[in-house]
Amino acid sequence: MSRAVHLDGITKRFPGVVANDDVDLAVERGTVHALLGENGAGKTTLMNVLYGLYEPTSGRVVVDGEEREFDSPRDAIDAGVGMIHQHFMLVDPMTVAENITLGNEPRKWGGLTVDRERARREVVDLSERYGFDVDPDARIEDVSVGVQQRVEILKALYRGADVLVLDEPTAVLTPQEVEDLFEVFDELTDQGKTIVFITHKLGEAMHAADEITVLRDGKNVGTVEADGTTREELARMMVGREVLLEVEARAGEAGDPVLDVADVSVRDERGVTVVDGVSFDVHAGEVFGIAGVDGNGQAELVEAITGMRRPESGRVRFEDEDVTDWSRRRRIDAGMAYVPEDRQERGLVMAFDLVGNGVLGSQHTPPYARGGRMDWAAAREHAESIIEEYDVRPPDPDAAARALSGGNQQKFVVGREFARDPALLVATHPTRGVDIGSTEFIRERMLDLRSAGVGVLLVSSKLEEVQGLSDRLAVMHDGDLVAVVDPDSVTEEELGLLMAGEYPEGFDPGAAAEPPDPGDVESRRAGEARTDGEGR
Amino acid sequence: MSGDGEDDRDDGDDRDDGVPIQPGGTGGEDSVLDRARAALDRLARASATERFLLSVAALVLSIVVGTVLVLAAGRATTCETAAFVLTHPTPFGLPRLFSMGFCFDPVAVFDRLFFGALGDPIKQGWGPLTPVRGGPLNPFRQGYELLNPQMAVTLRETTILVFSGLAVAIAFRAGIFNIGTQGQLVLGALGTGLSVLWAAPFAPAGIVGTVLLVTLGLAVGAVVGGIYGAIPGALKAYAEANEVITTIMLNFVATGVAFFLVANYVRNPDSQAVETTPVPDGALIPPLLFEPRDDFSFVALGLGVALVLGVYYMLERTAFGYDVRTSGLQPDAAEYGGVDAERTVVYSMALSGAIGGIGGAIYVLMILGKFQTGVPSYGFDGITVSILAGNNPLGVGFAAFLFGILKSGSTVVQFATDVPPQLVGVLRGLIILFVAMPEFFRLLARGIGPTADPEARAVAADGGEVDDGDAGGRSDGSGTGGGSDE
C-alpha cells in the first residue's frame, strides 16, 4: 500500500503557542484514519495545515508521494484533499445539487449560464456511485443534518477529492446517523478514497477507523491499529493518566418533587404538536433522564419547562409553585439552571467576552448587578472561577466566546449553570463536543449537585450517558414519554426499541420503573407501537 | 447552517470554504523596519486607535480623489482666469515646457472646507514646512478667536447631530433599525415649540423663567419623541411589524401632521413661511460665550456630551444596557438569559425616540426660536453619523463633529470659491463614503503590511471557529495535559 498523505514533522507555532509540535502522520491509501485527542490537542490545526488554511512553521506536507506547499484550500483541493468542517458551509435555500456544484458548475452557452440538467445528472451519478441516498432537488434547509453532511462529502468528491478530512463529523449526528456515516466511510474506502476524521470519542475511533493516531498537547503520542488496542489504552494516551470510563455507582436519595410537569403539550413554529400531553416529575436529589432520538419533542419539552416557549396546554410546577406563566427571568431567579442544547445560539453571546457571558442570565441579580448597575469586577471574578474550575482554555476571561473551541464553550456554559446554586438543573446534551477528561468532570459535578439535593433533568442522545447517570430513565418518542424504566435493569436493545416507538416483547413499562416514585409517572399510550417519527 | 449568527457579520469575508488567506511570507529577519511595522500593526489592531487611524487614512484618500475630481471639473469649466495652474519650476531660465490651468483650486477648496469651518485658525501661507524654511513656528493666525461665528455654525450642526446620531446608535445597538429618528425629531421639535409658546406667559422673568421654560421644552421634546419612537417599537414587539417600514412611514406621518397642525391652527399670521410665532427670547437656551445671533450654546453641546457619556455608561455598565446589547447581538441568547425581548425593544425605541426628540427641542430652542416646517434632515444624517461611529456612543461625538465641519465648511467653500455647490456636495459625500468603509482600508493595510497576526486571519478562514489547537490556548506556556487537575 502507498501513503496517501504523509505529514512529516509538522510544527505550527502561533504567537506564544505551539499548536503542533513535530507531528508525524502517515495515512495509507484506502483506509480510515482517526485523529483522536482532547479539545485543544491540536487536531484541527494539523488538519488545517493539510488543507492549506495554515502554513506550517516547519515540516513537510506530502500528498501522493509528492511534496506540496499549499497556499490556500484551493491548492489542497487541486491536489485531491477535501475537508468537511464541523460547521457546514452550505447555502440553505439552494438545492442539494446546486450546493454540490456551487463554484464548479457545469456551464452551457459558452459559459454564460449554468447547465442545471447536467449538474443534476452529475450529482445523481456521483451519489449513486457511492451509494448515497440524497435527493438532488431537496433544499438544504429541509433536509436533516445527516443528509447535509453527506452533501458536504459529495461536494468534496465532486471537486475531485481523494483524501477526505472530516472535522468532528459525528458531533452533530444522532446515533443512527453516525452508523450511516460509518457505512459511507466503508463505501468510500472500498472505492479507493482515503478518510481522515477528527474525533475525541474513543468508541467511534475504535469502531470506524483502521488506524488511530492520538494527539496530546500538540504532540503525536502514537499511532495504533484500531483492532489491536483497548479503550483504556486510548484513554490513557489521550489524557496522559488513567481515566474512569464508568461513572461511579449512584447513591441518590430522592426528596420532594422539585419539578412537576402535568399533561404538557407544545406546538412548534409550524403549529405541529410536537409534545403531546407529557407528564412526569423530578425529585430533589435524583437524576431524571430522558432518552430518545433527537427531534422527538425533547427540545420543545425542555423549552416549555425552562420558560423559552409557552406550552399549548398543561401545567408546569416548580417547587410547589405553578410557573407555567412565569417569565424566563423569574424562573432563573427562582433557581432553575439550564444547559441549553445549542451553546452558540443560546448559551453564549458569541461576541461577548467570557466576563460578559458569565453573567448571562444573572445580569439583574446581585452580586453582578446592584440597583441596575453592573459590577464588572464581581463578574470577572465569577468568570475566572468558572474558567479555573472547569479548565476552560484559553484561560483568559477577556477572550471572546467565539474564539473558544466548541468543547471549551460547552465547559464554560456548564460551569456557569452549575454555579447558579440551582434547585433544578435542566441539562440537554451537557457533554456534547466535550473531551473525555472534561466529560468525566462534568458528570461528576452533576452527580455532586444531585447528592446536594438538586433535581436534575438530563436530556441526552448519548445512551451510555443517560443510562449511566439517571436514577429514573424515560424514553421519549414522537412527542410522548413512551416508558419510564430503571436504567440499571434495562438493556440497550430494549432502549433502542423504545426509542423507535416499539415495545420489546414481554416489556412492562409500569413494573420497570422503580425508584423513587414510579406512581407519579404515567406511561401513556401503552401498547401503541409507532414506528414513524415526525422527524426533525 | 452555521450556528454562529452574529459572528458571520464580523468574519464575513469567508463564505466559501476556500477563501484563500494569503500567508504573508516575509521571512524571519527581524529588522528594525519589521519591528516598527509590527508595532504599527499592533497599534492599528487596538480597536479605538484603529478606528481613528482608519478615519485619517480615509480622509487622506478622499482628499486625493476629491482633488482629482476638482481638477477635472475645473478643466471642464470655462473661466476668465485660472484659479490654479499646474506647471513645473523654471530655474536657471529654463523654458516653460508645460503649463495647465484649472478653474478651481483644489487646495483652496479643501482649505475652505476644513479650516474655513473652524474660522481660519491657520496663518495665511503657513504650511507644515514653513518652520523648516525659517518661518514662524506658531501656525495660528494673529487675532484668531476660537469662538468665532463660523465655529458656532460648525458646533451648532455638531450638537444636533450628536443627538440624532445617539438616537440612532441606541436603536441599532439593540438590533432595531430605527430609520424614524427624523420623524421623532420633528414631532419633538413641534411639541417643544408649542409647549414653550403656551407656557411662556406664565413663566417668571429672568434666568428662573429661562431655566423653567427650557427644561419644559426639553422634557416635552423627549416625551413626544419617546412616545413616537415607542409606537414602532411596540408594533415590532407585539405585532411583528418590520420596524424599517413602520419608521419610514411614520416619518411621513410626522412631517405631514406637523405641517397640517401648524398651517391650520398655530400659524404665525405675520409670516410667509409655515411656522409658529417665535418663542420669547427668554425661552431660548442662553448662548454662553457666544453671541445670541450665533445660534449656538455650549449648554446644548454640554448636554449632548453628557448624553454621550450617559448612553455609553448605560450600555456598558448597567443591566439594562447588557440586555440591550445582548438583544442586538443575539436575540436567542438574550431570551435564554431572561431578557424580555418585547419590553427591551419598546424601551430602547422609546429611549431612542426621546433622544431624537431632545434633538428637535434643541433645534427649536437654540437655532430657530420657533417651529418651522421643513426641518433639515438631521434624523437621516444621524443614521450616517451612527454608522460612521460604529454605533458606539463615544464615536458618535467625533463623527458628529466631522459631519458638522463638512456641513459648515460647505457653505464657506461656496462663499469663497466659484466651485458649484453640487461639487462641494460630491466632495462631502466622498469623504463620508471613504470613512464609512473601514474594511477597505483594513484590506489595504493587510496587503502592504507585515505578516499580520496569523491567528486573527485563521479565525476568519475557519468559519469563525477556532477549534481545537486554538492559538491562544496555551499562551501562558503551561501546556498542561487535557485532564482537569482534581
Worksheet item: Quick one: Cα centre-to-centre distance for the range A:433-472 and the range B:336-363, in angstrom?
Response: 43 Å
Fill in: Residue among A:383, A:409, A:347 farthest towards the positive dipole end of the range A:342-421, charges placed on Cβ
A:347
Worksheet item: Tally Lys and Arg at +1 and Asp and Glu at -1 over the other residues with C-beta under 15 Å from the C-beta of residue B:82: what net charge comes out?
Response: -1
Worksheet item: If amide H atoms are built 1.01 Å from N in the plane of the peptide, which residues on other chains or at least 5 residues away come under 5 Å of the amide H of residue A:107?
Response: A:115
Item to complete: Would you work out which of B:149, B:406, A:58 lies farthest towards the positive end of the dipole of the protein assembly as shown? Charges go on Cβ: Lys and Arg +1, Asp and Glu -1.
Response: B:149
Worksheet, complete the sentence: One finds the C-alpha centres of the range A:157-202 and the range A:49-84 to be spaced, in Å, by 19 Å
Discussion item. If the only charges are +1 at each Lys and Arg Cβ and -1 at each Asp and Glu Cβ, what is the size of the charge dipole of chain A around the Cα centre, to the nearest 20 debye?
Written reply: 2100 debye
Item to complete: Taking the Cα centre of the range A:229-379 as origin, work out the dipole magnitude from +1 charges on Lys and Arg Cβ and -1 charges on Asp and Glu Cβ, in debye rounded to 20.
Response: 680 debye
Response to the item:
Any residue on another chain or 5+ positions along whose placed amide H is under 5 Å from the amide H of residue A:216 is listed here as A:221
Practice prompt. Return the percentage of antiparallel bridges among DSSP beta bridges fully within the protein assembly as shown, rounded to the nearest 5 %.
Written response: 60 percent
Fill in: Nonlocal amide H pairs with residue A:474, under 5 Å, H built at 1.01 Å
A:289, A:290, A:291, A:485
Worksheet item: Nearest 20 debye, what's the magnitude of the dipole of the range A:115-274 about its Cα centre given +1 on Lys and Arg Cβ and -1 on Asp and Glu Cβ?
Response: 620 debye
Discussion item. Please give the Cα centre distance for the range B:182-236 versus the range B:263-315, rounded to the nearest Å.
Written reply: 11 Å
Discussion item. Taking θ = phi - 60°, what integer Hz values does the Karplus form 6.51 cos²θ - 1.76 cosθ + 1.60 yield along the range B:191-201, in sequence order, with x for Gly and Pro?
Written reply: x, 4, x, 5, 5, 5, 4, 5, 7, 3, x
Worksheet item: Considering only B:263, B:169, B:183, whose Cα is most displaced toward the positive end of the charge dipole of the range B:149-416, charges sitting on Cβ of Lys, Arg (+1) and Asp, Glu (-1)?
Response: B:263
Fill in: Listed pairs A:219/A:462; B:123/B:407; B:236/B:370; A:43/A:193; A:108/A:155; A:193/A:219 exceeding 31 Å between Cα atoms
B:236/B:370
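Every number here is computed from the coordinates shown, using simple stated rules; none is lab data. Since the structure is predicted, the reported quantities are computational estimates derived from the model, not experimental observations. Ideal geometry is used to build each Cβ from the backbone, glycine not excepted, and the neighbour counts take in all protein chains shown.
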